[in-house]
1. Taking the stretch 169-225, which residues are closer than 15 Å to Ala23 by Cα and within 11 Å of the ligand (Cβ to nearest atom)?
2. Give the stretch 161-182 a look and list any residue that's among the β-branched types (Val, Ile, Thr) and more than 13 Å from Ala240 (Cβ to Cβ), or say none.
3. Quick one: which of Asp42, Asp61, Asp38, Asp74 is at negative phi, surrounded by fewer than 18 Cβ atoms within 10 Å (Cβ to Cβ), under 15 Å from the mean Cα position of the chain (by Cα) and of a type in the set (Asp, Glu)?
4. If Ser235 satisfies every condition in (1) modelled with pLDDT of 95 or more; (2) within 16 Å of the ligand (Cβ to nearest atom); (3) in contact with a Phe, Trp or Tyr (Cβ under 6 Å, 6 or more places away or on another chain); (4) more than 17 Å from Gly90 (Cα to Cα) but one, which is the exception?
5. Is there any pair linking a residue in the stretch 35-51 that is at pLDDT 95 or above and within 12 Å of the ligand (Cβ to nearest atom) to one that is among the small types (Gly, Ala, Ser) and not in a loop (DSSP other than H, G, I, E, B), with Cβ under 6 Å and at least six apart or on different chains, and which?
6. Please work out which one of (1) among the hydrophobic types (A, V, I, L, M, F, W, C); (2) within 13 Å of Gly14 (Cβ to Cβ); (3) not in a loop (DSSP other than H, G, I, E, B) is the condition Ala89 fails and give its number.
7. So, in the stretch 173-197, of the ones that are outside any strand (DSSP E or B) and in contact with an Asp or Glu (Cβ under 9 Å, 6 or more places away or on another chain), which residue ends up surrounded by the fewest Cβ atoms within 10 Å (Cβ to Cβ)?
8. Tell me, please, whether a residue that is closer than 18 Å to Cys86 by Cβ and within 12 Å of the ligand (Cβ to nearest atom) can be found in the stretch 121-133.
Amino acid sequence: MAGRVRGKRIIITGAVDNIGLEAARQFIAEGARVVIGDINEDKGAAVAKDLGEACHFIRVDVTREDDVRALIEDGVEWLGGLDALCQNAGLQRSGKVTEFSQDDWDALFAVNSRAHFFGAKYAADHLRAAGGGSIVNTSSLAGQRGGPGMTAYSASKGAVIAFTTALAMELAPDKIRVNVICPGWVDTAFNQPAIDFMGGRKAQEEVVASIVPLGRQGEPSDIAPMFVYLVSDESRYMTAQALTIDGGVYN
Ligand SMILES: NC(=O)c1ccc[n+]([C@@H]2O[C@H](COP(=O)([O-])OP(=O)(O)OC[C@H]3O[C@@H](n4cnc5c(N)ncnc54)[C@H](O)[C@@H]3O)[C@@H](O)[C@H]2O)c1
């Protein structure tokens, strides 16, 4: 099937690798034009070259309000409007609550929670001007079910779910839908802090084998189709939902 998001103008953050990059690839394969915003300029330039003329890279630090405002304004200019904002930038740090620093706590909340507020704040008027649209936020299974070493990460991701439901109520009259994706374990380098906390890769694999009913970690390609669905008009009657993709852990 091709063309599921044909003509859509999409900004996605945190998309120079892994889940976000796979979503950007699938958006373009399905007919969209995509602006990628990420702090990693080297990878961003390479990805934009690789994905071709339907893709444009803008450097952004999502913890900075001015940066996010510029990403949205410059992105909208390149795209000629805005139909969807996907907020996928994320940060992970692990540690026992008794040893966790305020700096690490604040860093997690700045990327994982507050950035979603900045994005929505500057994108909403553009989505309204397009006659409606879709905001896709990124939380985590960790935002729904906690685990040791994950207090700050879980709290920062849980906040995104609450933010999503409130924002969805606020923007529904403008036909702007807001949903949030909650991936479980996805096999990317993002999880290294959690793996270190658990005692290494083997220990993590044992946990995955014991708690994931489908018996394996996810891959970026297991998560990306949900971004396409939530941006497409196929999900036109869906808002305020947290969609968990985790091999069956959360039930
Ligand atoms: N991998 C998993 O198991 C898993 C599970 C649940 C949720 N998630 C979430 O999925 C998203 C993508 O994760 P991933 O596994 O693909 O890892 P990833 O490291 O490839 O993606 C995170 C992206 O965010 C970018 N980023 C970090 N800080 C930034 C900042 N200040 N400004 C702009 N960009 C910034 C990084 O450069 C990177 O491209 C994250 O939000 C993560 O929390 C991942």
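1. Applying the first criterion (closer than 15 Å to Ala23 by Cα) to the stretch 169-225 yields 180-183, 186, 188, 218-225.
Those that are closer than 15 Å to Ala23 by Cα and within 11 Å of the ligand (Cβ to nearest atom): Val180, Ile181, Cys182, Pro183, Val186, Thr188, Gly218, Glu219, Pro220, Asp222, Ile223, Ala224.
2. Of all residues in the stretch 161-182, those among the β-branched types (Val, Ile, Thr) come to 161, 164-165, 176, 178, 180-181.
Within the stretch 161-182, just Ile181 meets the criteria.
3. Asp61
4. Looking at each condition in turn, Ser235 falls short on (2).
5. Between residues of the stretch 35-51 that are at pLDDT 95 or above and within 12 Å of the ligand (Cβ to nearest atom) and residues that are among the small types (Gly, Ala, Ser) and not in a loop (DSSP other than H, G, I, E, B), the close pairs are Ile36/Ala24; Asp38/Gly44.
6. Ala89 satisfies all of (1) among the hydrophobic types (A, V, I, L, M, F, W, C); (2) within 13 Å of Gly14 (Cβ to Cβ); (3) not in a loop (DSSP other than H, G, I, E, B) except (3).
7. If we filter the stretch 173-197 for residues that are outside any strand (DSSP E or B), which is where we start, we get 173-175, 184-185, 187-197.
Applying the additional criterion that residues be in contact with an Asp or Glu (Cβ under 9 Å, 6 or more places away or on another chain) yields 184-185, 187-190.
Working: Gly184: 24, Trp185: 22, Asp187: 16, Thr188: 16, Ala189: 9, Phe190: 15.
Going through the qualifying residues, I end up with Ala189.
8. Our first condition is that a residue be closer than 18 Å to Cys86 by Cβ; within the stretch 121-133, this holds for 121-128, 130, 132-133.
Within this subset, residues satisfying the condition of being within 12 Å of the ligand (Cβ to nearest atom) are none.
No, every residue in the stretch 121-133 fails to be closer than 18 Å to Cys86 by Cβ and within 12 Å of the ligand (Cβ to nearest atom).
The values are calculated or read from the model by the stated rules, or taken from the named source; none is laboratory data. Quantities reported herein were computed from a predicted structural model and do not represent experimental measurements. Positions of Cβ are backbone-derived with ideal geometry, glycine not excepted, and every protein chain shown enters the neighbour counts.
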